[in-house]
1. Determine the relative contact order of the chain: mean sequence separation of Cα pairs under 8 Å and six or more apart, normalised by residue count, in whole percent.
2. Starting from the Cα-Cα distance between residue 181 and residue 137, subtract it from 0.36 nm times their residue separation and give me the gain in nm to one decimal.
3. List every residue whose amide H lies under 5 Å from the amide H of residue 148, counting only residues 5 or more places away in sequence or on a different chain, with H placed 1.01 Å from N in the peptide plane.
4. Contact order normalised by length for the range 126-216, with contacts defined as Cα pairs under 8 Å and 6 or more residues apart; what percent is it?
5. Which one, 95, 177, 129, projects farthest toward the positive side of the charge dipole computed for the chain from Cβ point charges (K/R +1, D/E -1)?
6. Positive end of the dipole of the chain, charges at C-beta (+1 Lys, Arg; -1 Asp, Glu), about the Cα centre: which of 144, 212, 50 has its Cα farthest in that direction?
7. Under a Cβ-only charge scheme (Lys and Arg +1, Asp and Glu -1), can you give me the dipole magnitude of the chain about the Cα centre, in debye to the nearest 20?
8. Considering the zone a paramagnetic label at residue 92 would reach in this model (a point 7 Å from Cα along the Cα-to-Cβ line), which residues of the range 17-60 have amide N under 15 Å from it?
Amino acid sequence: MRVLVVEDEPDLRRQLVRAMQEAGYAVDSAADGEEAAFLGETEPYDAIVLDLGLPKIDGVTVLKGWRAGGRTAPVLILTARDRWSEKVEGFDAGADDYLTKPFHVEELLARVRALMRRAAGHASSALECGDLRVDTRASRASVAGEAIKLTSHEYKVLAYLMHHQGRVVPRTELTEHIYDQDFDRDSNTIEVFIGRLRRKIGSERISTERGLGYRLIDPNQGPAG
Ligand code: CA
């Protein structure tokens, strides 16, 4: 899953980026409204954390621009304490959730997990496909109760497929959601990650749909849905 962190305060921005990376997300960041507007319009994020008080273009205007342009990624806004009118404006502009500064990073991570899950139509923080399970809280996977050791890229690929089980995920889409913008992307490496994942979780669990992409399968049920 890929997230955008928009925050102009350098220390907080770095802290949030690090926490999101440690949680297993591909992370891009922006320090002002102009950069944020551009990234949100051009890159496909699974969630966006948006500070409202920003240089160049304020957060509410940025958010309105994304929504007017048809960008539907869930957005969590960060607001200053005692600025209730900001929250109202933010929700009216298309925000999905908010946190008031100062906040605990753990709470932010929990809210972002919930937003992503709901956007993908899942109710629980543990994603399941048959006896394959991904715990998005701990960034861990297991098969039939046995923990599977995954590299961070393997986890990113599996987590994205789990969020989108029930449909074929094109390779290009997978590429866009597991790498941040600075990464030297090569869609061929996706095949390598898929190959390693198959060896770890069982090759029958990921089908290759020729020319289309990959689909997660519950081996006891056929294609997941
Ligand atoms: Ca700010």
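Just so it is clear, none of the values below were taken in a lab; they were calculated from the coordinates. This is a predicted model, so every value here is computed, not measured. Note that each Cβ is placed from the backbone with ideal geometry, even for glycine, and that neighbours are counted across all protein chains shown.
1. For the chain, the relative contact order is 17 percent.
2. Working: separation 44, 0.36 × 44 = 15.84 nm, distance 2.42 nm.
That pair, residue 181 and residue 137, stretches by 13.4 nm at full extension.
3. 141, 142, 143
4. 27
5. So the residue furthest toward the plus end is 129.
6. About the Cα centre, the residue reaching furthest to the positive side is 144.
7. Numbers: 31 positive and 37 negative charges, 186 e Å.
Using only the charged Cβ atoms, the result is roughly 900 debye.
8. Hits in the range 17-60 for residue 92 at 15 Å: 60.
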